[in-house]
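Following: one structure in structure tokens, then a few remarks.
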Amino acid sequence: QAFISITGIRSDDADKGSTTSDGGANAQTMDNFPVLASNGYCNTFWLGNYALISACNTTINEVNHNDRITATDQVKQQTIAEARFLRAYAYFNMVRCFGRVPLIDTVLTNPALQNNIPQSSVVRLYQFIEDDLMFAATNLPLKWDATVFPGRVTSGSANGLLAKVYLTQQKWPQAMA
């Protein structure tokens, strides 16, 4: 519900519901503005995207540093590429909704430091997203066997999201390429 409210209801692509009071306070403020920091949907969206980012960082770290992983180099690169695609997607969600957010690209081992990471500039965040997506586009296959891997991310998925990232920034020539 948080994703739909933040991306759909606030943009008027969707309506909150049938009556003024349905959906509760979180949905009502998404529909009517202003949205306060205490809105539960914002918190859910924030935490959900950072949970995905954390899982991606953990995956990348494990593939790069865990000697017990016996996969081929190609499988390792594809795994990292999938994680970087998902991490880029999460950061794209975050930068569009919140602007400047903390950029975390490693596994955080000290919980005390997690709340003291400074915000990154929007320009830096978009560059990071672009880098992750370019890596994914380069290291993912054009297609997977649909009977074994239905819906798995491909180089086309990465290029499609990269085009959307460029369009969002009004980088018309890069989007067209």
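The values are calculated or read from the model by the stated rules, or taken from the named source; none is laboratory data. Remember, predicted model here, so these are calculated numbers, not experimental data. When we count neighbours, we look across all protein chains shown, and the Cβ atoms used for this are built from the backbone with ideal geometry, even at glycine. Side chains are part of the model used for accessible areas, which takes the heavy atoms of the whole protein and leaves out ligands, DNA and RNA. Shrake-Rupley method; radii C 1.70, N 1.55, O 1.52, S 1.80 Å.
Take the residues in the range 97-122 that are of a type in the set (A, V, I, L, M, F, W, C) and farther than 15 Å from C42 by Cα; name whichever of them is most open to solvent (accessible area, probe 1.4 Å). Walk me through how you get there before you give the answer.
Step one: filter the range 97-122 for residues of a type in the set (A, V, I, L, M, F, W, C), giving 97-98, 101, 103-104, 107-108, 112-113, 117, 122.
After this cut, where a residue has to be farther than 15 Å from C42 by Cα as well, the list is 103-104, 107-108, 112-113, 117, 122.
Details: L103: 30, I104: 25, V107: 59, L108: 65, A112: 69, L113: 101, I117: 45, V122: 57 Å².
The residue in question is L113.
Every residue in the range 75-105 that is modelled with pLDDT under 95 and more than 13 Å from the chain's Cα centre (by Cα), please.
Answer for the range 75-105, where residues must be modelled with pLDDT under 95 and more than 13 Å from the chain's Cα centre (by Cα): there is none.
Just one of M94, M134, M176 is surrounded by fewer than 19 Cβ atoms within 10 Å (Cβ to Cβ), touching a helix residue (DSSP H, G or I) at 6+ places or on another chain (Cβ under 8 Å) and of a type in the set (A, V, I, L, M); which is it? Can you show your working first?
Numbers: M94 fails: surrounded by fewer than 19 Cβ atoms within 10 Å (Cβ to Cβ); M176 fails: touching a helix residue (DSSP H, G or I) at 6+ places or on another chain (Cβ under 8 Å).
Just a single option satisfies the conditions, and that option is M134.
Which one of these is touching a Leu at 6+ places or on another chain (Cβ under 9 Å), under 28 Å from S157 (Cα atoms) and either open to solvent by 50 Å² or more (accessible area, probe 1.4 Å) or not acidic (D, E) (or both): R10, R84? Let's see the steps before the verdict.
On the way: R10 fails: touching a Leu at 6+ places or on another chain (Cβ under 9 Å).
From the options R10, R84, the qualifying one is R84.
Is the range 89-107 home to any residue that is among the acidic types (D, E) and either in a helix (DSSP H, G or I) or more than 27 Å from Y166 (Cβ to Cβ) (or both)? Break it down into steps so the answer makes sense when it comes.
Of the range 89-107, the ones among the acidic types (D, E) are 105.
Okay, now just the ones that are also either in a helix (DSSP H, G or I) or more than 27 Å from Y166 (Cβ to Cβ) (or both), so none.
No; the residues of the range 89-107 include none that is among the acidic types (D, E) and either in a helix (DSSP H, G or I) or more than 27 Å from Y166 (Cβ to Cβ) (or both).
Picking from A137, A112, which residue would you name as being among the small types (G, A, S) and either farther than 22 Å from I80 by Cβ or outside any helix (DSSP H, G or I) (or both)?
Details: A137 fails: either farther than 22 Å from I80 by Cβ or outside any helix (DSSP H, G or I) (or both).
Result of the check over A137, A112: A112.
Out of N61, N39, report the one residue that is buried (at least 18 other Cβ atoms within 10 Å of the Cβ), in contact (Cβ under 8 Å) with a residue 12 or more places away in the chain and of a type outside the set (D, E). Working first, answer last.
Values: N61 fails: buried (at least 18 other Cβ atoms within 10 Å of the Cβ).
Every option except N39 fails the conditions.
Scanning the range 64-81 for residues that are among the hydroxyl-bearing types (S, T, Y) and loosely packed, with under 12 Cβ neighbours inside 10 Å, which turns out nearest to F135 (Cα to Cα)?
We begin by selecting, within the range 64-81, every residue among the hydroxyl-bearing types (S, T, Y); these are 70, 72, 79.
When the remaining residues are screened for being loosely packed, with under 12 Cβ neighbours inside 10 Å, the result is 70, 72.
Working: T70: 22, T72: 18 Å.
Restricting to residues being among the hydroxyl-bearing types (S, T, Y) and loosely packed, with under 12 Cβ neighbours inside 10 Å, the top hit is T72.
Does at least one position in the range 132-147 carry a residue that is at pLDDT 95 or above and within 30 Å of V35 (Cβ to Cβ)?
Checking the range 132-147: at least one residue is at pLDDT 95 or above and within 30 Å of V35 (Cβ to Cβ).
Which pairs do you get when a residue that is farther than 19 Å from E62 by Cβ, found in the range 95-119, comes within reach of a residue that is small (G, A, S), reach meaning Cβ atoms under 6 angstrom, with the pair 6+ apart or on two chains?
Pairs that qualify, where the first residue is farther than 19 Å from E62 by Cβ and the partner is small (G, A, S), are L103/S120.
Inside the range 137-156, can you point out the residues that are out of contact with any Ser or Thr (no Cβ under 7 Å at 6 or more places or on another chain) and open to solvent by 60 Å² or more (accessible area, probe 1.4 Å)? Spell out the reasoning first.
Taking the range 137-156 as the starting set, the residues that turn out to be out of contact with any Ser or Thr (no Cβ under 7 Å at 6 or more places or on another chain) are 138-139, 145-156.
Answer for the range 137-156, where residues must be out of contact with any Ser or Thr (no Cβ under 7 Å at 6 or more places or on another chain) and open to solvent by 60 Å² or more (accessible area, probe 1.4 Å): T138, D145, A146, T147, V148, F149, P150, G151, R152.
Out of curiosity, is N26 touching a Gly at 6+ places or on another chain (Cβ under 8 Å), assigned to a helix (DSSP H, G or I) and crowded, with 18+ Cβ neighbours inside 10 Å? It would help to see each step written out before you state the result.
Working: touching a Gly at 6+ places or on another chain (Cβ under 8 Å): yes; assigned to a helix (DSSP H, G or I): yes; crowded, with 18+ Cβ neighbours inside 10 Å: yes.
Spelling it out, N26 is indeed touching a Gly at 6+ places or on another chain (Cβ under 8 Å), assigned to a helix (DSSP H, G or I) and crowded, with 18+ Cβ neighbours inside 10 Å.
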